[in-house]
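In what follows, a structure is listed as structure tokens, so that the remarks can point back to it.
The values are calculated or read from the model by the stated rules, or taken from the named source; none is laboratory data. If you're wondering where the values come from, they're calculated on a predicted model, not measured in any experiment. For neighbour counting, all protein chains shown are included, and Cβ atoms are generated from backbone atoms with ideal geometry for every residue, glycine included.
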Amino acid sequence: MCMGASLEDLKKSYAAHYDEANAQRDTQIKTLNANYLRALDRLLEKAKATGKLETVIPIRDESLAIKNANDPLPALAKTASLELKNMREKYNKARNKILIAHAETVNDLVGKMREKLESQEIALTKSGKLLHALAAKQMRESLANDAGANDARDLLKYGGSKGRNRPALQLRRFGDNLEVLVFRDHRGKISMDSPVENVREKSGEKKELGDTKAKVLGEFVGAKGYEADPYLAYHHVFDGKERVGFSLTEIIPEFSQKRAEQTGVRLSLKPAAVNPHMSFGALLPPNSSKGTYRISTRYFVPKRNQVVAGFIFVQTAGSPIASVRFEEIGKWKQAEAIAESSHDKGTLLLYLIKKKGKKEAHDNGESILLGEIKVEHLKFSAFIQQSFKDSDALPSGSNDPQKQALFISNGEFVKE
């Protein structure tokens, strides 16, 4: 890099070389993508000839991902052919080679620029040109905030297989409180594509709580575009006489009741019931640990009901979850509600609801039947249990959940 003596010359020369490096990288990536798309088109035609839709769709999706410049590329479908998997691997290696070469060029450019500016700073200070020396110092320090330079440094330091050598974080997700080590992705960054690895839980009582099936962070927290590894918070089939995980207020239960060849618990209103409901406890993510959950249920509302219309789910207080009212009558119905956290507390309540204009049941026969209820967490908040530094220093963090910093909220990185 040939640089002139003045600060302005240095700045212009640096910018020119920087832009040249970026243009070369962009041209190489564009050529690689064009070649890959042509290869995918040929593979697509072969797959169409077989008539197997399950092998055609992954190829089509891969082409769309390349055209849309998705980075990282989404995981290939389970039905992807071995040939497509091999093509993806070859493409990734070629692309990483281009990116690493670009990172080396930028890293070398930044290093030389720092040296030049440091020399200028010393020379200008010796000659008494303090304002110019200060400008050289500020220009040199600004390189530390250059996003492109930092990306190049991270890629060379942590990218590819190097990112697996040392974890960056240990995260705990809300709900099942599972913890994982998080490694940097192929670009040396922490992203939803970062690999994760199971560890023994250290938060709270430090009990082993189980393993996640997630392989990358996006799966662990249920991020958009990733297949979530859900947490089953509650599941009960009401086919016996046991009362599992719930309490009743102003509701009379009758267990093992059969209707239309299915069994459930009959829930009837007590006379003059004011606030009839079931409580399942703190099953849902509160606002402080925001998440998305799904409630699935199987139920039956008798046609003869004159007052009881059905039921709703509520998170602690307020409106029905997802604005869903479960009130289809005369047959067993499988239904669900999907919603985000809506209250500072996570209590799940079920309320029997009455038809409009009806104030009380005519007799104690007004009821509904519950056959099954399932509660699953689909998107999670995650907290930093430990943060690992670049050096050999001990990691920082806390085993106390109350002291752990929020890192991901409802499947998305927290914006600083």
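Would you mind listing the strands (runs of 3 or more DSSP E) fully within the range 265-329 where at least 2 residues are over 22 Å from PHE380 (Cβ atoms) and out of contact with any Lys or Arg (no Cβ under 9 Å at 6 or more places or on another chain)?
277-282
Can you tell me which of ASP176, ASP185, ASP211 is assigned to a loop (DSSP other than H, G, I, E, B), modelled with pLDDT of 90 or more and acidic (Asp, Glu)?
Only one candidate passes the filter, namely ASP176.
Please list, ordered by first then second residue, the pairs with beta carbon atoms under 9 Å, 6 or more apart or interchain, first in the range 108-119 and within 17 Å of LYS12 (Cβ to Cβ), second acidic (Asp, Glu) and not in a helix (DSSP H, G or I).
So the pair list comes out as VAL110/ASP146.
Here is a list: ILE66, ILE100, ILE29, ILE122. Which entry is touching a helix residue (DSSP H, G or I) at 6+ places or on another chain (Cβ under 9 Å), closer than 22 Å to TYR226 by Cβ and assigned to a helix (DSSP H, G or I)?
ILE66
Residue by residue through the range 300-343, note down the ones that are closer than 20 Å to SER289 by Cα, touching a residue at least 60 places away in the same chain (Cβ under 8 Å) and either outside the structural domain of LEU370 (by TED's automatic domain parsing) or not charged (D, E, K, R) (or both).
Within the range 300-343, just SER341 meets the criteria.
Within the range 253-260, can one find any residue that is surrounded by 14 or more Cβ atoms within 10 Å (Cβ to Cβ), of a type in the set (Phe, Trp, Tyr), over 30 Å from PHE183 (Cβ atoms) and touching a residue at least 24 places away in the same chain (Cβ under 8 Å)?
The answer is no, given that none of the residues of the range 253-260 is surrounded by 14 or more Cβ atoms within 10 Å (Cβ to Cβ), of a type in the set (Phe, Trp, Tyr), over 30 Å from PHE183 (Cβ atoms) and touching a residue at least 24 places away in the same chain (Cβ under 8 Å).
For the range 243-252, which residues satisfy the criterion of being crowded, with 18+ Cβ neighbours inside 10 Å and touching a Lys or Arg at 6+ places or on another chain (Cβ under 8 Å)?
The answer is ILE251, and nothing else.
Can you tell me which condition VAL307 does not meet? The list is (1) at pLDDT below 90; (2) in contact with a His (Cβ under 7 Å, 6 or more places away or on another chain); (3) loosely packed, with under 15 Cβ neighbours inside 10 Å, and all the others hold.
That leaves (3) as the condition not met.
Any chance you could count how many residues in the range 127-159 are part of a helix (DSSP H, G or I) and either under 22 Å from GLU20 (Cβ atoms) or aliphatic (A, V, I, L, M) (or both)?
Residues flagged as part of a helix (DSSP H, G or I) and either under 22 Å from GLU20 (Cβ atoms) or aliphatic (A, V, I, L, M) (or both) within the range 127-159 amount to 22.
All but one of (1) at pLDDT below 95; (2) within 30 Å of ALA168 (Cβ to Cβ); (3) assigned by TED's automatic domain parsing to the domain that holds VAL265; (4) not hydrophobic (A, V, I, L, M, F, W, C) hold for SER396; which doesn't?
Single failed check for SER396: (3).
So GLN385 ticks every box in (1) modelled with pLDDT under 80; (2) in contact with an Asp or Glu (Cβ under 7 Å, 6 or more places away or on another chain) but one. Which box is left unticked?
(1)
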